Structure formats: structure tokens, C-alpha cells
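Here is the structure we will look at, set down as C-alpha cells.
The values are calculated or read from the model by the stated rules, or taken from the named source; none is laboratory data. What you see is a predicted model, and the numbers here were worked out from it, not measured in a lab. Cβ placement follows ideal geometry from the backbone for every residue including glycine, while neighbour counts extend to all protein chains displayed. These area figures cover heavy atoms from the full protein model, side chains too; ligands, DNA and RNA do not enter into them. Shrake-Rupley method; radii C 1.70, N 1.55, O 1.52, S 1.80 Å.
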Amino acid sequence: METGIKQETYRKQEAEINEQEKALVALNLGGLRTQRDKNKELIQNIGIAFDRIESLDKEKKRRQETSASLEGNRVEIERKQKNVELMEPQIHDAKVKMDACKEILDKQSDTINKFAKTLRQKLHIGDVCPVCRQEITSELPHEDELAKLVGGLSDAFNEAETAYKKLVDERNRLEAEIKTAAKNYQTSKEAFDKDKSVETAEQRVVAACKSCGIVEYDDATPTAL
């Protein structure tokens, strides 16, 4: 009797186990695990795609800023070149004025010096001046004293020379700045033209999107992801 009860209990437990096994088979755990793994991989790939899209946006922004900086440098170089061109007539006029002042100063100085030399050779202390008919009681003025007679002309020449040199120095300074800036601009422009970082970043984004099932990358891609 007791054996029969045990057998009955076993059969019930066996039937329950069989039902549970059928239920497990119906759940398709293997397929669920596979799908879970695929979902995890897809989520990971989507994360990679977003990271690469962010990197692409940064590269585009950096390139735009570099382009704007280069354009600003180019405009500044042109501005300085224009200033140099505008200075040329000023420098020319300043040189003409300086040369004219120098010529007048030299002529007046030479005339006075020759006249004084002639007088000193002909007239001495005790002689009578042929012009004023007065007796000469002291030496005729020397060169340093005669120089005072052309003091105004000398001041005018010095002023004109200073103005001319100031303009020339300013032009030379600008030309040196232009030369340095132009060299730096050319180097930066060549590097900018050779830079393929944006294209490389775009290729990486396209590859990441393809791993997520998206064939082409465009503005709608982030929403699709």
C-alpha cells in the first residue's frame, strides 16, 4: 500500500517536471539569450555612434574657428599692406621737403662761410670797413657764431628730417610685421588645406552607424539612433 502511494507521488512529480520542461522549451531561453546579447551589442554600438557624432561636431567647430581665424589674419595683412601703400606718397613728400630744407641750408651756410672767409682775408683789426666806414676793433665772427645766422634753417631741416625718418621707420615696422604675418598665414593655410580630420571623423561616424543598421549619415541620424 505504501509503495503504491510512493509510486503515485513519483508519477505526479515526474509529470510536473515534464510540464516545467515543456514550459522552459516554450520560453526559448536560448533564443532570448541570443536576442539579449544582440540588444546589448546594439546599445553599445549606438553609444559608440553618439560618441563619434560628438567628436565630428567638435572637429567641424574647430575647423570653422580655424577658418575664421585665418580669414581674420588675411584681412589684417591686407589692411597693413594698404597702410604701407598709403604711406608711400607721404614718405615721398617728406623726403622732398627734407631735401629742399637741406639744399637751402647748405647754400646759405656755404654763402655765409665764403663771405666770412673773404672778409677775414681782407679785413683785420684796425682796418676801416668799406661798407660802414667804421674802424674794425674786434675779430670777425668765427664759424660757430656764423652758424647762428642759419639757425632757423637748421631747425627746419632737423624737423623735416625727423618727420621723414619717423615715416620710414613706421613703414619698415609695418613691412616687417606683414612679412612675418604672411609667412605664418601661409604655413597655417597649408596645414588647414591638408587637414582631413573632419573627413576622417565622418568616415568613423558612417562606420559606427552601419553597425547600428543605419546605412547613411545625415541630420536625422541622431533621432534614428
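A few points about this structure:
- Cross-link table Lys80/Lys196; Lys61/Lys210; Lys107/Lys165; Lys61/Lys194; Lys40/Lys196; Lys102/Lys166, entries beyond 26 Å C-alpha to C-alpha: Lys80/Lys196; Lys40/Lys196
- Accessible surface ranking for Leu86, Leu105, 1.4 angstrom probe, highest first: Leu86, Leu105.
- Per residue, in Å², the accessible surface of region 162-225 once ligands and nucleic acids are set aside, probe 1.4 Å: 69
- Local electrostatic count, Ile53, Cβ distance below 14 Å [Lys/Arg +1, Asp/Glu -1]: -2
- Taking every Cα-Cα distance in region 178-225 and sorting them into 5 Å bins starting at zero, the pair-distance distribution P(r) comes out as 5, 19, 18, 12, 9, 9, 9, 8, 7, 4, 1 percent.
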